[in-house]
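Peer 1: Quick one: structure below, then a few questions.
The values are calculated or read from the model by the stated rules, or taken from the named source; none is laboratory data. As the structure is a prediction and not an experimental result, all values here were calculated from the model. Neighbour counts are summed over all protein chains in view; Cβ atoms, including those assigned to glycine, are modelled from backbone coordinates with ideal geometry. Calculation scope for accessible area: heavy atoms of the full protein, side chains included, ligands and nucleic acids excluded. Shrake-Rupley method; radii C 1.70, N 1.55, O 1.52, S 1.80 Å.
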There are 2 protein chains.
Amino acid sequence: MYFKTKKITATLLSLFMVLSFMVSCKEQTGTKPEVVEVTENLKKTDPLPSWNDGKTKNAIIDFVEDVTNKDGANFIPVLDRIATFDNDGTLWSEQPIYFQFFFALDRIKKMAPEHPEWKNKQPYKAVLENDMPTLIKQGEKGLLEIVITTHAGTTTDEFERLVKDWIATAEHPTKKKHFNELVYQPMLELLDYLRANDFKTFIVSGGGIEFMRPWTEAVYGIPKDQVIGSSIQTKYEYNDGKPYIERLAKIDLIDDKEGKPVGINRYIGRRPVFAAGNSDGDLQMLRWADSNTFKSFKLYVHHTDSIREWAYDRKSHIGTFDKGLDEANEKGWTLADMKDDWNVIYPFDKK
Amino acid sequence: MYFKTKKITATLLSLFMVLSFMVSCKEQTGTKPEVVEVTENLKKTDPLPSWNDGKTKNAIIDFVEDVTNKDGANFIPVLDRIATFDNDGTLWSEQPIYFQFFFALDRIKKMAPEHPEWKNKQPYKAVLENDMPTLIKQGEKGLLEIVITTHAGTTTDEFERLVKDWIATAEHPTKKKHFNELVYQPMLELLDYLRANDFKTFIVSGGGIEFMRPWTEAVYGIPKDQVIGSSIQTKYEYNDGKPYIERLAKIDLIDDKEGKPVGINRYIGRRPVFAAGNSDGDLQMLRWADSNTFKSFKLYVHHTDSIREWAYDRKSHIGTFDKGLDEANEKGWTLADMKDDWNVIYPFDKK
């Protein structure tokens, strides 16, 4: 059985803590980024213009140049150049709650007209009334019901359309931007730079695989089949000569923590040589890369910028970065300090 | 729960019937292929030299030229050019039994010295004594035990090494060739031709994903992450600072029949525009391609060559091609007649 009660409980607990956090979190408004001046000369040749010159940027470039040098001892053949990126907090923001949960709440509101009984039924009533304290009181069971109600019970085609419509229209509550605009410009450059050096880039996220695939191609240049995430089980149906795939209310893979190497093995079949994350949920993926017989690069994005993005690590309920931070320091993995290493955060901040 | 008793039973039943077949099957010896003369001119420009000129070859080329024509009504964008290929009987031979079952039998023999008790314990005793009638009498339970014993209980690294060693040394009982030499030259050319036209080629096989990945890159030019197959569950472990993945004795995905579109959705996330198979086990995959909103190509390899390969279809226990043959005829899907359409079968037959 793949359904692991302990894992589900842990996931729901995080969601629960997130909601508690939501209730108390203060609104933060986006401010203009400090853009560090880049010389004209650097602009022309620099593959990572949104990264400030320094230790972090040098470490990335040194690694790529080393492992792509055919005559070097650390040369990595093209097929082995696998790069895996977490999504929430690594490629796009994740505050004040994982963006996918906004999708779930919005879905409940959209579905409500077809479910008049929800007006008097929890946990739906609390969602419809924006009553977070009551929603939280519904506990795990209530949250699971919201996730299942909004993510299962459609065909894969219908679900894709729902996600595409939502991502094209929904706005972040404080940043007032579409969610897929809240991606990190320096990471987009890093993805491009790796691909230009024949790395194959993958997303390996705790987020839903079918929640990401409808928009990741356009935003990150990563094709659907290179997107790995948490999934629910599906079933092939064939009616009146028409095949379709139904999304079932059963968990398939929780692609987080220990699930990340499992997902990487399932989908990719080889260890990454480059892995990037931002939280303890990525630690096992970074260890998996670290155990590669080829030289490997482990990157942690550290959320240190309370002005341009958010600042959080060890004690955050979202993207907890505690054990991972210790291990990164201990093993000399690379930390990208958002405040110091990035001169631009979001693409719309670019000069 | 993904473990579906009915599916497992069906799979085991096929294996069982295969074994019965093995006992009665007559040895067939490979003979030199008739190589149809190809003009010098054609050789230079022909992307499919091992395919005889005619309806089938024209249909393939017409399709590719049509959907890659930017100004045509049927143009398919590059990201949507997904081509999926069954493996057993479509890219390599599958007689007298699926080659993976030879691997399982050989594994039992290799493992025997560490299991002295097997000398007196079924189903192992029968395997060790090459006593097929007794092996068959062990039924489903015995066959499942052989599959689990030989495919689970190792790390993924160990299993990869086992497969690599086996594929480099084991020989087909009648063809006297390594199993990965028994691939179809015309299909290798087709894979190359599609890739040259920016199709992304995938294997979608009922065979084990971790049984195929160690050798498919070298043989078919298909990277591991584009190989989809049946899988068992795995578990991430971390001991003494070393991470590894353990293969568990539990089924994850049976990538056959209804499981093929499910696997395609899980791994690729979009319908194929080109799908090739050879049996009823591929029918759902071909229907899935047929339901694409883009123009799509459905190819069935028909085993019609009793001299150079094997001839079998409706009544075969391996690669049964009955409902699929009817539907292909009814819907005008393309049949590749091995005897008439291919002037070479295996790469070693090439002049």
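Peer 1: In segment B:278-320, which residues become less accessible by 30 Å² or more once every protein chain is in place, relative to the chain on its own, using a 1.4 Å probe?
Peer 2: B:Arg287, B:Trp288
Peer 1: Among DSSP beta bridges lying fully in chain A, give the percent that are antiparallel, nearest 5. Show your work: numbers first, answer last.
Peer 2: Values: 13 of 32 bridges.
Antiparallel: roughly 40 percent of the beta bridges in chain A.
Peer 1: How fast does segment B:205-351 diffuse by Stokes-Einstein, in µm²/s, taking the Kirkwood radius from C-alpha pairs at 10 °C and 1.306 mPa s? Before the final figure, lay out the partial values.
Peer 2: Values: Rh = 17.3 Å.
The Stokes-Einstein estimate is 92 µm²/s.
Peer 1: Can you give the FRET efficiency to the nearest 0.05 for A:Glu158 and B:Glu171, using r as the Cβ-Cβ distance and R₀ = 45 Å?
Peer 2: On the way: r = 50 Å, r/R0 = 1.12.
FRET efficiency, A:Glu158 to B:Glu171: 0.35.
Peer 1: Would you mind telling me the share, in percent, of accessible area of segment B:119-208 contributed by carbon and sulfur at probe 1.4 angstrom? Each step should come with its number before you reach the end.
Peer 2: Working: 1840 of 3740 Å².
Carbon and sulfur: 49 percent of the exposed surface of segment B:119-208.
Peer 1: On to the next question. Tell me the angle of helix A:5-24 to the major Cα principal axis of chain A, expressed in degrees between 0 and 90 and rounded to the nearest ten.
Peer 2: 90 degrees
Peer 1: Taking 8 Å as the Cα distance limit and 6 or more residues as the minimum spacing, I'd like the relative contact order of chain A as a percentage.
Peer 2: On the way: 578 pairs, mean separation 84.4, N = 351.
Relative contact order of chain A: 24 percent.
Peer 1: Just how large is the dipole of segment B:216-351 about the Cα centre, in debye to the nearest 20, putting +1 at every Lys and Arg Cβ and -1 at every Asp and Glu Cβ?
Peer 2: Numbers: 21 positive and 23 negative charges, 64 e Å.
Rounded to the nearest 20 debye, it is 300 debye.
Peer 1: Is the C-alpha gyration tensor of segment B:252-301 telling us rounded, prolate or oblate? Criteria: a/c under 1.5 is rounded; beyond that, a/b larger than b/c is prolate, otherwise oblate. Show your work: numbers first, answer last.
Peer 2: Details: a/c = 2.37, a/b = 1.17, b/c = 2.03.
Oblate, because a/c is 1.5 or more while a/b does not exceed b/c.
Peer 1: State to the nearest 20 debye the size of the charge dipole of the protein assembly as shown about its Cα centre, where the only charges are +1 on K and R beta carbons and -1 on D and E beta carbons. Intermediate values should be presented prior to the final figure.
Peer 2: Numbers: 96 positive and 108 negative charges, 262 e Å.
Using only the charged Cβ atoms, the result is roughly 1260 debye.
Peer 1: So, one more: Would you kindly work out, in nm and rounded to one decimal, the distances from the label point of B:Leu128 to those of the same position in each other copy, ordered shortest first, with label points 7 Å along Cα-to-Cβ?
Peer 2: The projected label point of B:Leu128 is separated from its counterparts by 6.9 nm.
Peer 1: So which aspartates and glutamates can B:Lys339 reach, going by Cα to Cα under 12 Å and dropping same-chain residues fewer than 8 places off?
Peer 2: B:Glu34, B:Asp305, B:Glu309
Peer 1: Hey, can you list the residues from segment A:231-260 whose accessible area shrinks by 50 Å² or more with all protein chains present, relative to the chain by itself (probe 1.4 Å, no ligands or nucleic acids)?
Peer 2: A:Gln233, A:Thr234, A:Tyr236, A:Tyr238, A:Pro243, A:Ile245
Peer 1: Before I look further, what does the protein assembly as shown give for accessible area per residue, probe 1.4 Å, in whole square angstrom? Can you show the working numbers first?
Peer 2: Details: 29850 Å² over 702 residues.
It amounts to 43 Å² per residue over the protein assembly as shown.
Peer 1: On C-alpha positions alone, give me the angle between the axis of helix A:139-151 and the longest principal axis of chain A, in degrees, nearest 10.
Peer 2: 80 degrees
Peer 1: Output, in nm with one decimal and in ascending order, the distances from the A:Glu237 label point to the matching label points of the other copies (7 Å from Cα along Cα-to-Cβ).
Peer 2: Counterpart label points of A:Glu237 in the remaining copies fall at 4.1 nm.
Peer 1: For segment B:172-229, just say rounded, prolate or oblate: build the C-alpha gyration tensor, square-root its eigenvalues into a ≥ b ≥ c, call rounded for a/c under 1.5, and beyond that prolate if a/b exceeds b/c, oblate if not. Before the final figure, lay out the partial values.
Peer 2: Numbers: a/c = 2.44, a/b = 1.32, b/c = 1.85.
Taking the square roots of the gyration eigenvalues as a ≥ b ≥ c, segment B:172-229 is oblate.
Peer 1: While we're on this one: Two decimals, Cα atoms only, Kirkwood Rh: what is Rg/Rh over the protein assembly as shown?
Peer 2: Details: Rg = 26.9 Å, Rh = 27.4 Å.
Radius of gyration relative to Kirkwood radius: 0.98.
Peer 1: Tally Lys and Arg at +1 and Asp and Glu at -1 over the other residues with C-beta under 13 Å from the C-beta of B:Pro214: what net charge comes out? Mind dumping the intermediate values first?
Peer 2: Working: positive: A:Arg270, B:Arg161, B:Lys164, B:Arg213, B:Lys224; negative: B:Asp157, B:Glu158, B:Glu160, B:Asp165, B:Glu210, B:Glu217.
Taking every other residue near B:Pro214 into account, the sum is -1.
Peer 1: How much FRET efficiency would the formula 1/(1 + (r/R0)^6) give for B:Lys295 and A:Lys141, where r is the Cβ-Cβ distance and R0 is 51 Å, rounded to 0.05? Each step should come with its number before you reach the end.
Peer 2: Details: r = 47 Å, r/R0 = 0.93.
The formula returns an efficiency of 0.60 here.
Peer 1: Using just the helices of chain B, give the 222 nm mean residue ellipticity in deg cm²/dmol: DSSP H runs with n ≥ 4 each add -39,500 (n - 2.57), and the total is spread over all residues, rounded to 500.
Peer 2: Working: 14 runs with 144 residues, N = 351.
One gets -12000 deg cm²/dmol as the mean residue ellipticity at 222 nm.
Peer 1: A further question on this structure: Among the listed pairs A:Lys242/B:Lys70; A:Lys224/A:Lys260; B:Lys110/B:Lys141, which have their C-alpha atoms separated by more than 27 angstrom in this model? Present the calculation step by step, with values, prior to reporting the outcome.
Peer 2: Values: A:Lys242/B:Lys70 29 Å; A:Lys224/A:Lys260 17 Å; B:Lys110/B:Lys141 21 Å.
Violating the 27 Å limit, Cα to Cα: A:Lys242/B:Lys70.
Peer 1: Please state the Cα pair-distance histogram of segment B:50-189 with 10 angstrom bins from zero: what percent is in each bin?
Peer 2: Calculated P(r), rounded to whole percents: 9, 28, 27, 15, 14, 6, 1.
Peer 1: A further question follows. Over both sides of the A-B contact, add up the buried accessible area with a 1.4 Å probe and give it to the nearest 100 Å².
Peer 2: On the way: alone 16810 and 16780 Å², together 29850 Å².
Summing both chains' loss of accessible area gives about 3700 Å².
Peer 1: Taking a 1.4 Å probe, which of B:Lys339, B:Lys55 shows the most accessible area, and what order do the others take after it?
Peer 2: Working: B:Lys339 105, B:Lys55 175 Å².
In descending accessible area the options line up as B:Lys55, B:Lys339.
Peer 1: What does the copy distance list look like for B:Phe348, label position 7 Å along Cα→Cβ, in nm and ordered from shortest?
Peer 2: For B:Phe348, the other copies' label points sit at 6.3 nm, shortest first.
Peer 1: Another question, then. Jot down the per residue volume, in cubic angstrom and as a whole number, of the convex hull over the alpha-carbon atoms of chain A. Kindly include the intermediate steps, with their values, before the conclusion.
Peer 2: On the way: hull volume 52.9 nm³, N = 351.
Per-residue hull volume (Cα only) is 151 Å³.
Peer 1: Which residues' amide hydrogens lie under 5 Å from the amide hydrogen of A:Phe202, considering only partners 5 or more residues apart or on another chain, with H built in the peptide plane?
Peer 2: A:Ala83, A:Thr84, A:Phe85
Peer 1: Could I ask something else about it? Can you list the residues in segment A:176-202 whose accessible area drops by at least 20 Å² when all protein chains are present, compared with the chain alone? Use a 1.4 Å probe, heavy atoms only.
Peer 2: A:Lys200
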